[in-house]
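J.: One structure follows; several queries about it will come next.
What follows draws every value from the coordinates through simple rules; no lab data is involved. Note that the structure is predicted; figures quoted are calculated from it, not measured. Methodologically, a virtual Cβ is constructed for each residue, glycine included, from the backbone with ideal geometry; neighbour enumeration extends over all protein chains shown.
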Amino acid sequence: MTVVNEKQPAYTVVLTHDVDQLALRDAPFASRIAASYLKRCIISNFKRWLQKDLDALTYWRSFLSGLSFPLIKARIVSDPMEMGLYKAMEIEKQYNVRSTFFFLPEKGNPGYIEKGKPAPARRGTDYDVRDYAELLQELEQGGWEVGIHGINAHLGQQEAIDELKVFQNLIPGKKKWGMRMHWLFQPDMLWQNLHEAGYYYDATFGSNDNTGFFQGRFHPFIKDNIRVLPLTIQDGTLLAHWRGDMSLEAAWPRVRGVLDRAKEHRAVVTVLWHTASFSAPRYWESLYHRIIRQGLDDGAQFLTAVRAVEQFT
């Protein structure tokens, strides 16, 4: 679904989500994810409340959510990570825009940084995408797009084919598949591998450390016979404590500067907001709202990733 102004749009916004974890209940009790969740809900968010990055009600919800992990596991209370995905859909329905969700193809496999060099165990996921075929089909039917968040597709053509087949079996009628590599792994042969494996586009091109137009690319382009969608704004780059560590308010001028520059070049702005960012312990959805509202106020059009590469390449 597309929001198109009567006159030429000021710029284009592509909303995307990486689904690194789909449900908190999938994580074992004695796991890094469970321990991190408890710490961030109760301790880290207390600091955010003191710094006025969270209001008192949100911190109270965070505190209770942190203590609720056993109840989440027992399915007695709602799973915040799972609700994050539906919260993203709800927000986008509110503004009549649609996004692209990139799902991991395999459970429990952290994959490889490069051949012979295993990635850290934390790169793996606890969900099996094959258990969510109905969700993926619902997204496609509702105007959203399903893409692939690759684990090992960067290693070679066969690995890229294997990951594509998982999703082709889940949505048999879908023809144009896009890829974004998990952790943005992007070796020299990535695009050639993806093209030869049958992918339509790649959305990996970008940086985890910087916000803005990577290598001066304002629009999708074609390289090694595949369409490439550059990444522009990522939630973790700005807000995660291990990267930008900015408050929601402090991050806005950085984002607004990117959108202002997009107007100068009628650029394509690709936004990555992880589904986990819409719920405890992150509570980063207010900045996502703000990006959408600013885009609409500026007269931008909103496209899914596949529609953007179709239009601009």
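J.: Two decimals is fine: what's Rg over Rh for region 228-313, C-alpha atoms, Kirkwood radius as Rh?
T.: Answer for region 228-313: 0.97.
J.: In Å, the Kirkwood hydrodynamic radius of region 196-276 over pairs of distinct alpha carbons?
T.: Mean inverse Cα-Cα distance, inverted, gives 13.6 Å.
J.: When the distances between all Cα atoms of the chain are binned every 20 Å from zero, what whole-number percent does each bin get?
T.: Cα pair-distance distribution for the chain, in percent: 33, 60, 7.
J.: Roughly speaking, what is the stretch gain from K165 to A56, that is 0.36 nm per residue apart minus the C-alpha to C-alpha distance, in nm to one decimal?
T.: So the chain would gain 34.6 nm between K165 and A56.
J.: Follow-up question, since we're still on this one. What do you get for Rg/Rh of region 51-126 when both radii come from the Cα atoms and Rh is the Kirkwood radius?
T.: Answer for region 51-126: 1.08.
J.: What nm value, rounded to one decimal, do you get for the distance between R32 and Q141 when each label is placed 7 Å out toward the C-beta?
T.: My value for the distance between the label points is 3.7 nm.
J.: Percent of Cα-Cα pairs per 10 Å bin, from 0 to the last occupied bin, for region 25-78, please list those.
T.: Result, from short to long distances: 27, 48, 23, 2 percent.
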